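Read through the structure below, which is laid out as structure tokens, and then see the notes.
The values are calculated or read from the model by the stated rules, or taken from the named source; none is laboratory data. Please read all numbers here as calculations on a predicted model, not as lab measurements. Positions of Cβ are backbone-derived with ideal geometry, glycine not excepted, and every protein chain shown enters the neighbour counts. Protein only, heavy atoms only, side chains kept; ligands, DNA and RNA dropped before computing areas. Shrake-Rupley method; radii C 1.70, N 1.55, O 1.52, S 1.80 Å.
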Amino acid sequence: MLGPHLTRSRDRLTFRVDRPAVSGVLRPRLVLTWLLLALVTLAVLCLAVGAGAGDYALAPAAVVRALAGEGERADLFVVWELRLPRAVVGLLAGAALGLSGAIFQAVTRNPLASPDMLGITQGAGAAVAAGIVLGAGAGLGLQWLGLAGAVAVGVLIYLLAWKRGTTGYRIVLVGIGVSWMCVSLTSYLLSRAELHQAQKVLGWLVGNLNDRGWAQAGPLAVTLAVLLPAVLLLVRLLRTLRLGDDVAGGLGTPVQRTRLALLLCGAAAAAFATAAAGPILFVALAAPQIAQRMARTAGPPATASALTGSVVVLVADLVSQRLMADSVLPVGVVTGVLGAPFLLWQLSRANRRGTGG
């Protein structure tokens, strides 16, 4: 028989084709979740562009026409020049943070692991604070300083966690320690900063989409275009890592190389997102868990986590723009307010399951 062979189970569909020799597994609920999140992301993007800061409101239909290059000249200007660049940065930053959180949580097998908790974003903040207060690397600009700090801390965590290999448990412990070292360094720099320097540092540390545009969206889009296919290629090996290092090694998985490659992808995604929009807290923590519960998978699904992160950041940014009539809140303030209860719920859930320490 040369046609496709199909086998259906409770939550998956296995297929195999003889010519060409191709086989795989489809999870209908995961596909449905991905499609639903993609539609919600598109809808929220149109809503954010149409109802952003300012008195010039646009209906979703007008936004769609403007995105297609049609409509009134004023609509085209507001969409393409004023609101769409900010929304695209938020969408891409949320996707990168959601992807990064899914990677870290899957590799460490810990639902509380994220760039926020492991010190990646804190490393970016410390580098930016040093650049502003001490003038170190001031010629690079805040984005590149944040990127360099996040990548350097990611490498440092991996090196400190290395002891004839690494484990998720050691990565989490070392990451928490490095995180607090970076927080302490940032606090020290703020204590000796001038008033205008401290205001500039705090304005970046809180996570902000104000004054963000195509210059920030471009590098982030290229990063996701490179990292997402790489992560999808590594997902098959990641599934074996969930079985434990010994079992994964027995199945032929290069455990340490796979873990290093995944951690580098996660750190790079978080680094570029933080460089573009600042450390938007709790998105990388919450988005993978929301996606996992929607898809009912064993671990956080990468693409669904990225889409969930985009939705979370876009909704938070829309709230930050419309919540107060006389000012625009930084998006990190909104995600922090919403994310703190989620973190407490995750901690209590982990303790009930006996995985919270």
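For the chain, the fraction of 1.4 Å probe accessible surface lying on carbon and sulfur atoms is 66 percent. Take the convex hull of the alpha carbons in segment 84-141; its mean projected area over all directions comes to 5.1 nm². The dipole here belongs to the chain: it is taken about the Cα centre, uses +1 on the Cβ of Lys and Arg and -1 on the Cβ of Asp and Glu, and is about 1660 debye.
Across segment 221-336, the convex hull enclosing all Cα atoms gives 105 Å³ per residue. Its relative contact order, with pairs defined as Cα atoms under 8 Å and 6+ residues apart, puts the chain at 26 percent. What share of Cα pairs, in percent, lie more than 26 angstrom apart in segment 115-251? Within segment 115-251, distances greater than 26 Å cover 36 percent of Cα pairs.
Among the trypsin sites (Lys or Arg not before Pro) in segment 104-181, which ones are in a DSSP loop with at most 15 other Cβ atoms within 10 Å of the Cβ? Mind listing them?
Counting only loop positions with at most 15 other Cβ atoms within 10 Å, the trypsin sites (Lys or Arg not before Pro) in segment 104-181 are 163, 164.
Selection among 238, 181, 248 by position relative to the dipole of the chain gives 248 as farthest towards the positive end (Cβ unit charges, Cα centre).
When ligands, DNA and RNA are left out and all protein chains stay put, how many square angstrom of accessible area per residue does the chain have with a 1.4 Å probe?
On the way: 17470 Å² over 357 residues.
With the other protein chains kept in place, the chain gives 49 Å² per residue.
Å³ per residue of the Cα convex hull, for segment 23-102? Hull volume over Cα atoms, normalised by residue count, gives 122 Å³. Relative to its Kirkwood radius, the Cα radius of gyration of the chain gives an Rg/Rh of 1.00. Once you reduce segment 144-171 and segment 27-71 to the center of their Cα atoms, the two points are 37 Å from each other.
Summing +1 for each Lys or Arg and -1 for each Asp or Glu among the other residues whose beta-carbon sits under 15 angstrom from that of residue 283 gives -2. In the elastic network of the chain, a GNM with C-alpha springs shorter than 10 Å, the most mobile of 189, 338, 134 is 134.
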